[in-house]
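Chemist: Can you read through this structure? Questions will come right after.
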DNA sequence: CCACGGATGAAACTTACTTTCACCAGGCGT
DNA sequence: ACGCCTGGTGAAAGTAAGTTTCATCCGTGG
């Protein structure tokens, strides 16, 4: 009988499988049969019931239990769980993800999905990593104390601008979004010290947005730019620059990754502002949530 | 009736945890208590016995079993094993990241940013993982061959709907987005066989969107739902159901993670459709890009 | 107010797991 | 060679875990 079982069992380093095959020779014949089954296909073993496994190993349940104890487990259920975990962990490698930026012409949908998700998630993560908390802090402060917040964005960035406006509005801040240049310019002309103007442009070259931001600045408002390119023209008219980190390659997947990155930044600012005044923000949010409640039908329910 | 409903239950790719949190709202109160325990700490749950878990969730074993069945498992042992496997796979969080859904009151901006980005990125990844390529394929096919595509979405989901509309429009598909119920209903009434209607609702309970989708369906259009909850009412009026996997916790970070997830799905569909006819799509995209060129100022340049 | 249907837990029941124990085979001292 | 000991083993008993059934409760709508 393996006397060392107890000892090494408590340690049981690296993988459980490795551990088992290590002390395989020290096991009794019947236990070895069990061990071999387990080692050769941990996942399958995890799925079996003790009786099942015993039968497969041409032995009795009692021996399986003994085997469990021999390898340092409390009992069969524990072994089962450890086995499942082990098996799951070693399935990873065969994940041939399509990491390359572009999508090959012959790609099937599954590949497309994987690629897009990868890039999108990446854009979000990398954006967060390079965001300067200090700058964010200042922007949050400016917005928190602003008399009024104007948000500009054209085309795709317009959605983000609009989203930001809605968010701020929902927590009781006075925010506006202008889809067209003329009303935006008009509004910017009315800004003053203590107000904030936010300009969103992925490329940083959208003349409409730049123009409006410039106008706002000359009126004394704090200007904030959100763009992917830290040296683009829009940064020249902004007091604070926040950048996204989407590395769009082709037109193709196009705006989405950058959109997500922009939304993430907007969300950070929003939460930052909301966090400054929890109770007030919470109250406002609850009120707005309640307002749309009547437009919801009976919640999720069991299907037959 | 949503064909994919049953499938998605048995399909249940991606993460089991994600899957569970998706149908959390469709569970009964007692089952929800169990679900929350499981989701919040899968590894711990895997270690518990059914009686243990039941006690912790302040309910009976019977309810735990019911919960197992509700999420598509045969019984408790299977759940346990899957849970263990799942937990093992997500060895991810190496740093003391604030992975828990919520942001602590005292958090500073850097923490907030990290948390948001983490959750956002996660939502995107997990959404992609659980997306059923087969369903996507069918939706892409329907859209590719559609005479006309109507897209509905209210509030936050409206942005996504609008984004989708714009994307499809840019590659030459005839797509419409309606911000209000009445025009949407009017339009839906004019749909017919060969047309496609897409309804977007995070909760899946937005009555306006459901109503419009239903209308579209009775007119013979193919209906597609995009929601976070596979058993929500909207799925009952959809021929195809696509789900996102954002596990929003509190109001707080609120809509953003789900928004990103929705956009990702939309992007996948878009690319899928575009891929069906590369040259035509490329040409359309180039034309539209050129159109806005005059609104850009001299590209990125060195700062003084 | 009652009928209805879903949600729920107590208890009965089944299955899985664990322990006990008797048996067997081989080693070994006499 | 004979008993006697020892570790390995499975049958069976015992215990705990998981599953089903069913009566009850509670909110909903007629």
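The values are calculated or read from the model by the stated rules, or taken from the named source; none is laboratory data. Since the model is a prediction, treat every value here as computed from it, not as a measurement. Heads up, the Cβs are rebuilt from the backbone with ideal geometry, glycines too, and the neighbour counts pull from every protein chain shown.
Chemist: Which one is farthest from DNA strand C (Cβ to nearest atom), of the residues in the range B:25-53 that are within 10 Å of another protein chain (Cβ to nearest Cβ) and surrounded by 18 or more Cβ atoms within 10 Å (Cβ to Cβ)? Explain how you work it out, then say what you get.
Modeler: Narrowing the range B:25-53 to residues within 10 Å of another protein chain (Cβ to nearest Cβ): B:25-28, B:31, B:43, B:46-47, B:49.
If we keep only those that are surrounded by 18 or more Cβ atoms within 10 Å (Cβ to Cβ) as well, we get B:25-27, B:31, B:46.
Values: B:25: 11, B:26: 9, B:27: 8, B:31: 5, B:46: 14 Å.
Here the answer is B:46.
Chemist: Would you pick out the residues in the range B:159-169 that are within 10 Å of chain A (Cβ to nearest Cβ), closer than 20 Å to residue A:166 by Cα and in contact (Cβ under 8 Å) with a residue 24 or more places away in the chain?
Modeler: B:159, B:160, B:163
Chemist: Name the residue, out of B:172, B:145, B:100, B:155, that is more than 13 Å from chain A (Cβ to nearest Cβ), modelled with pLDDT under 85 and surrounded by fewer than 24 Cβ atoms within 10 Å (Cβ to Cβ).
Modeler: Sole residue among the options that is more than 13 Å from chain A (Cβ to nearest Cβ), modelled with pLDDT under 85 and surrounded by fewer than 24 Cβ atoms within 10 Å (Cβ to Cβ): B:100.
Chemist: Here's another thing I want to ask about it. Give B:256, B:206 a once-over and let me know the one that is in contact with a helix residue (DSSP H, G or I) (Cβ under 9 Å, 6 or more places away or on another chain), at pLDDT 60 or above, at the interface with chain A (Cβ under 7 Å from one of its Cβ atoms) and under 30 Å from residue A:236 (Cβ atoms).
Modeler: B:256 is the lone residue from the list that is in contact with a helix residue (DSSP H, G or I) (Cβ under 9 Å, 6 or more places away or on another chain), at pLDDT 60 or above, at the interface with chain A (Cβ under 7 Å from one of its Cβ atoms) and under 30 Å from residue A:236 (Cβ atoms).
Chemist: Out of all the residues in the range A:27-41, is one or more modelled with pLDDT under 90 and within 33 Å of the chain's Cα centre (by Cα)?
Modeler: Among the residues of the range A:27-41, not one is modelled with pLDDT under 90 and within 33 Å of the chain's Cα centre (by Cα), which makes the answer no.
Chemist: If you don't mind, there's one more thing I want to ask. Kindly indicate the residue of the range B:73-88 that is within 7 Å of DNA strand D (Cβ to nearest atom) and buried (at least 18 other Cβ atoms within 10 Å of the Cβ) and also farthest from residue B:18 (Cα to Cα) among those meeting that condition.
Modeler: B:76
Chemist: Which residue, of B:41, B:52, is out of contact with any helix residue (DSSP H, G or I) (no Cβ under 6 Å at 6 or more places or on another chain) and near DNA strand D (Cβ under 10 Å from one of its atoms)?
Modeler: Testing whether each residue is out of contact with any helix residue (DSSP H, G or I) (no Cβ under 6 Å at 6 or more places or on another chain) and near DNA strand D (Cβ under 10 Å from one of its atoms) leaves just B:52.
Chemist: For the range B:219-237, check the following and say yes or no: at least one residue is modelled with pLDDT of 90 or more, within 19 Å of residue B:148 (Cβ to Cβ) and out of contact with any strand residue (DSSP E or B) (no Cβ under 8 Å at 6 or more places or on another chain).
Modeler: Scanning the range B:219-237, I find at least one residue that is modelled with pLDDT of 90 or more, within 19 Å of residue B:148 (Cβ to Cβ) and out of contact with any strand residue (DSSP E or B) (no Cβ under 8 Å at 6 or more places or on another chain), so the answer is yes.
Chemist: Quick test of your reading of the structure: residue A:133 fulfils all but one of (1) within 10 Å of chain B (Cβ to nearest Cβ); (2) in contact (Cβ under 8 Å) with a residue 24 or more places away in the chain. Name the failing condition by number.
Modeler: For residue A:133, the exception is condition (2).
Chemist: Go through (1) farther than 21 Å from residue A:28 by Cβ; (2) at pLDDT below 90; (3) within 16 Å of DNA strand D (Cβ to nearest atom) for residue A:70 and report which single condition fails.
Modeler: (1)
Chemist: Does residue A:60 satisfy being surrounded by fewer than 16 Cβ atoms within 10 Å (Cβ to Cβ), away from every other protein chain (no Cβ under 14 Å) and within 11 Å of DNA strand C (Cβ to nearest atom)?
Modeler: It is true that residue A:60 is surrounded by fewer than 16 Cβ atoms within 10 Å (Cβ to Cβ), away from every other protein chain (no Cβ under 14 Å) and within 11 Å of DNA strand C (Cβ to nearest atom).
Chemist: Something else now. Give the range A:67-87 a look and list any residue that's more than 7 Å from DNA strand C (Cβ to nearest atom) and more than 19 Å from residue A:44 (Cβ to Cβ), or say none.
Modeler: Across the range A:67-87, the qualifying residues are A:69, A:70, A:72.
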